[in-house]
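I have placed the structure first, in the form of C-alpha cells, so that the comments after it can refer back to it.
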Amino acid sequence: STGRPDVRIAILDTGIRWRGPRLRRKVALNPAEVPEAEIRRVREPIERVRASRGRYRPGDLLPKLQREMWETLLVEKDAPTLARASTFVQEERERLRSDLRIADPFDVALAMEHRNLLDVAEVIIAAAGERTESRGSHYRSDFPRRDDAKWLSNLFVSRDNGAVKLRWGSTAGAVGWT
C-alpha cells in the first residue's frame, strides 16, 4: 500500500553513514509519502552535529546542565534564578552550535538528547517565569502566595519560529470537569 499522508514515521540511526556508497542504493525513500523537504529537515540538524569539531563532547555537558537546573529550577525559584537558568540555556545552546566535538556515533545521539533537554528546560523556565504565584511544587519566593483567581488554569506551550509561546486556558471545561 502507499500509506497514509497523515502518518509520518522516520527511523534514523545516527551511527549509519546514509550517503556511503554501500547504503545509498539500499535506503528506500518514497517521496510520495515523505517529501524530500521533510527528510532534509530531519537530517540536516543531525548532519550538522555529526560534522562538529569543537572542544566539548555531549556527555561532558550533561552534568553541568543537571547541576544548573537543580540549583535554579527544582524547588525554590525567583526572577533572578530564572534569569540565571535562562542565560545558562542560551549559552549551552551556543556551545552545542559552535563548540561541540563528536568523537563517536553515540555522541550524536547524546547531542540530540542534550538539545531536547535544553528545550524542556526552556519551557520550564518560561512557564515558571509566567506563573507569578506559588502552587504545589512550584514555589516562587518572590510570589509566595497561591492565587486561584488568576492562575487556576492550564498553561499551553508551543513554538513560533523557534520562540517559546505560552497561552493560558482551561482543559477542565473541555472535558466536562467544571
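The values are calculated or read from the model by the stated rules, or taken from the named source; none is laboratory data. Owing to the predicted nature of the structure, the values given are computational and were not obtained by experimental measurement. Cβ sites come from the backbone with ideal geometry, for glycine too, and all protein chains shown count toward neighbours. What goes into the accessible areas is simple: the full protein's heavy atoms, side chains included, and nothing from ligands, DNA or RNA. Shrake-Rupley method; radii C 1.70, N 1.55, O 1.52, S 1.80 Å.
Excluding ligands, DNA and RNA, what is the solvent-accessible area per residue of segment 33-86 at a probe of 1.4 Å, expressed in Å²? Before the final figure, lay out the partial values.
Numbers: 3380 Å² over 54 residues.
Accessible area per residue: 63 Å².
Which whole-number percentage describes the relative contact order of segment 57-112, with Cα contacts under 8 Å and a sequence gap of 6 or more?
Values: 26 pairs, mean separation 31.1, N = 56.
Normalised by residue count, the contact order of segment 57-112 is 56 percent.
Taking only protein heavy atoms into account and a 1.4 Å probe, give the accessible area per residue of segment 96-178 in Å².
Working: 5170 Å² over 83 residues.
Result: 62 Å² of accessible area for each residue.
Need one number: nm distance between label points at Ala79 and Ile39, each 7 Å from Cα along Cα→Cβ, rounded to one decimal.
Going from the Ala79 label point to the Ile39 one covers 5.1 nm.
Are there any trypsin sites (Lys or Arg not before Pro) in segment 32-93 that are in a DSSP loop and have at most 12 other Cβ atoms within 10 Å? List them by number.
Details: sites: Arg40, Arg41, Arg43, Arg48, Arg50, Arg53, Arg55, Lys64, Arg67, Lys77, Arg84, Arg93; in loops: Arg55.
Answer by residue number: Arg55.
Which ³J(HN,Hα) values, rounded to whole Hz and listed in residue order, are derived for segment 118-133 from phi using the Karplus coefficients 6.51, -1.76 and 1.60 in 6.51 cos²θ - 1.76 cosθ + 1.60 with θ = phi - 60°, glycine and proline given as x?
So the Karplus estimates, Gly and Pro as x, are 5, 4, 5, 4, 4, 5, 4, 4, 4, 5, 5, x, 6, 7, 8, 7 Hz.
Let me know the whole percent of all Cα-Cα pairs from segment 34-81 that are separated by more than 14 Å.
Working: 778 of 1128 pairs.
Here the long-distance tail beyond 14 Å is 69 percent of all Cα pairs in segment 34-81.
What order do Phe143, Phe106 take when sorted by accessible area (1.4 Å probe), most exposed first?
Numbers: Phe143 75, Phe106 135 Å².
Correct descending sequence by accessible area is Phe106, Phe143.
Per residue, what volume in Å³ does the convex hull of the Cα atoms of segment 27-176 enclose?
On the way: hull volume 23.5 nm³, N = 150.
Here the figure is 157 Å³ per residue.
Quick one: with all protein chains in place, what share of the accessible area of segment 45-178 is carbon or sulfur, to the nearest percent (1.4 Å probe)?
Details: 4420 of 8220 Å².
Carbon plus sulfur share of accessible area: 54 percent.
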